[in-house]
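Values quoted throughout were computed directly from the atomic coordinates according to the rules given, and no laboratory measurement underlies them. The structure displayed is predicted, hence computed values, not measured ones. Note that we place each Cβ from the backbone using ideal geometry, even for glycine, and neighbour counts take in every protein chain shown.
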């Protein structure tokens, strides 16, 4: 059993990690809440009365039509030939709304605990799939609205949706996770498959780990950080890249501290800022010593400028791989409009 | 030669030397050779002014040629920025202040009567002492010509001043000028710096840093040498504002409307819509497709729309001509489509960079055969944004083509407007893709409205062949007369059904009077300003601005009947009575005038100009005075 003091440290680090991820959490939550509101409106509209059709016409025609088009008359032209929602489709909307409402709640925790001896990758995979229910529900709603929802084919959308099935837009909205694990179970190499879109993972190992467990996750477009300073996690707010960070519970001589920022440059040694690489003498002699040696060798290699002509690499291409995807929310458009026209924030 | 030199000269003016004029309305033009950045300077100045709370309207002065020869009056490139203490809706009349990079560009504007008789001119004076004697002679001749007017000319050593900061003054003189303007109009330098940084955000930091130093240099120079400043009171806006031009507004409006594909082929002045979309569309699930030509662009957008997406194509007049056959296909097959036509001048390649409203009749009647569809014209930059949502929804509900008629004035004009309060529901309900009930056919026209359900490829039970040939309800080719009459009636009926949803347009001013001025599109601001001035003179004049041009809104004949005379004001060609051969019978009229005469049987007159520039309110006011019916209140 960990001591009370150790528990306090873990709780504090966990809270600070969640705080660093708050903008991403809020972004995910806002999207889910917006989707839930849209579903609720849709249910009311499709099973509602004529007055709702008029209101809907008014909204769908936009401000340009105000004073120019009579929404009530226009509503009478809408949906001619369409059939109304079937009870099955309404049921799908209801179920989807419940899923979205649950996941949009402020009480939803973005913290995951890996069972002692458990698999870090499996825990993250399961947590993301649980959050993926929001995306599955949104897809089910679209299918039901279009009358294309087939229970046999699409029923699974109302359950957990594995990360591998998320599309680009969904990955851009990915919920961040804080993952607590024992140090000896902190083997994150398998997390690479999740580092896409806007995914952000903060690992909180309790106890010693290998010196640079995240070194294997460094790729040109991924923000990767190891640190023992919780304040460093705020850097996660400034990156637009998929990110993984490891926050050590205390400073130990055998731990490497570094940051790999994709915006830092075109070559690895420009992107990689190393605060400390332990010497081999600092390494323990446990069963994973060779893994640690390998991690450090990899880190050193990337931090060392190549001699001769450097190839700057296709930085634009890397960026485009992680560019914004389809189906971004209207909130995102509003934010973009503000940034583009830059009057709003003045 | 009546050239006036700086009154303060080389010494630093004291507070007593500087006169600050408080005005409600002021126009400034920055003119140069093409490529010297005058427009960028004006855009930044306009944006800063809008942020500070002034009404702003900018109009780019674009030479007809891409790269005209330097120092040529016909090649003047630049921008006019009109500032006001109230919202500004048009570019105004003559400009009061000009900053010219050379005397030839200035001459170009002088000869177009763009300058007020007492305008103040700040001009680069390096040409007066240029080593080339021919250039020195040109300078002298220009000064002589300019002395016909009572201009106040202030020589500015821009080149010398910029050399203190940069090696190549050609790349930065515009920022020096921005600095001068910032001093003259008391603009916030921090805002200027921020706007510069935003404008050059895609360039290296050195460009921004150099521009900041030039800005400060220009500001300092103006403070040390000029003896006048202007103060334009600002407004307090309760809503957040955004600043953009009409093409940017169309692009962002398309995004907000949930349009999913924009197919285009580059054409002035429409291309920048696709540039904007190229920057942002993919982030929102959209695709910009640059096709191999205009025809293909129309085909791609129709194909995308046929497959259930919501597509649009962007072009200008010559492109509209090329798309004509495909637009007929979309109308015949009842595939929803939004077409944006950013009008430019002239037939054929005409005046690519100049404004005209000459596509109206072609947009409405340009397709061979009977091809009923909707034509709508935004009048302001804000409307350019919002029209896209409305156009999309109309196209989808009616299953037809909606043409949005913008023009070069809106395309490049920049003005602030309230930040749109976006709604996810503008993006509209997806097409109904449930299996087609047995017996339902792809053209089961509702007998009252002509509207039928939209089938999407792949929909169970919806298999059918799409054809541009005459077809029956099953989409089977059918040449018999009964089917053709029925199909033609139903396609037309949709427009009548839609017209029944339109409201009569409001009259600006009294609903009875001597003269009603009718306009459409980008002339709204200038017409309403002219009418307001006429009404202040006691004239019984009102105006009406049409947004929907096909179908026309109801009630026009009734409205017209309350005025002694009705006259359209348009930027397109009409014959002048009194010109050789021109009679009341053979006179070719303004395009809206033709349309209204046919629709209302009212004798609608017209006053039109094709000057290649937006209409000036003062000129419209003159036309109002000249066209008041005899016995009116004039």
- Order the peptides B:62-75, B:353-366 from the highest to the lowest mean number of other Cβ atoms within 10 Å of their residues. B:353-366, B:62-75
- Task: Can you put B:473, B:558, A:295 in order of Cβ neighbours within 10 angstrom, beginning with the fewest?
- Result: B:558, B:473, A:295
- Item | Pair residue A:276, residue B:584: separation of 7 Å Cα→Cβ label points (nm) | 9.9 nm
- Query: Which percent, to the nearest 5, of DSSP beta bridges fully inside chain B are antiparallel?
  - Reply: 35 percent
- Normalised contact order of chain B, rounded percent, pairs of Cα under 8 Å and 6 or more residues apart: 12 percent
- Message: Give me the inter-chain shielding for B:453-465: mean count of other chain Cβ atoms within 10 Å, whole number please.
- Response: 1
- Note on the structure: Heads up, the protein assembly as shown by the C-alpha gyration tensor (a ≥ b ≥ c square roots of eigenvalues; a/c under 1.5 rounded, else a/b over b/c prolate, else oblate) looks oblate
- Quick one: Cα centre-to-centre distance for segment B:227-291 and segment B:148-224, in angstrom? 26 Å
- Between the helical axis of B:38-51 and the dominant principal axis of chain B, each derived from Cα atoms, what acute angle in degrees is found, rounded to the nearest 10? 80 degrees
- Shielding by other protein chains, B:120-133, mean Cβ within 10 Å: 0
- One would report the antiparallel percent of DSSP beta bridges in segment B:19-231, rounded to the nearest 5, as 45 percent
- Output row, site residue B:465, 7 Å Cα→C-beta label point, backbone N cut-off 16 Å, window segment B:367-382, residues none
- Expected sort for B:227, B:33 with the fewest Cβ neighbours (10 Å cutoff) up front is B:227, B:33
- Query: Looking at the square roots a ≥ b ≥ c of the eigenvalues of the Cα gyration tensor of segment B:258-349, which shape do they give, rounded for a/c under 1.5, prolate if a/b is larger than b/c, or oblate?
  - Reply: oblate
- Message: Applying a 10 Å radius around every beta-carbon, put B:542-550, A:156-164, B:516-524 in order of their mean neighbour count, most first.
- Response: B:516-524, B:542-550, A:156-164
- Kindly work out what percent of the DSSP beta bridges joining two residues of segment B:242-418 are antiparallel, to the nearest 5. 20 percent
- Throw me the Rg/Rh for segment A:133-248, computed over C-alpha atoms with Kirkwood Rh, two decimals. 1.09
- Message: What distance in nm lies between label points placed 7 Å from Cα along the C-beta direction at residue A:26 and residue B:307?
- Response: 3.9 nm
- Task: Enter the mean number of other protein chain beta carbons within 10 Å of the beta carbon of each residue in A:51-64, as an integer.
- Result: 6
- Item | Three-way shape label, segment B:242-418, alpha-carbon gyration tensor, a/c 1.5 | rounded
- Query: Measuring from label point to label point, each 7 Å out along Cα→Cβ, what is the residue B:190 to residue B:170 span in nm?
  - Reply: 3.7 nm
- Item | Whole-angstrom Cα spans of segment B:435-501 along principal axes, big to small | 34, 30, 18
- Query: Using 14 Å as the cut-off for backbone N distance, which residues of segment A:150-181 belong to the label zone defined by a point 7 Å from the Cα of residue A:94 along Cα→Cβ?
  - Reply: none
- Message: For segment B:19-231, what does the convex hull of the Cα positions come to per residue, in cubic angstrom?
- Response: 117 Å³
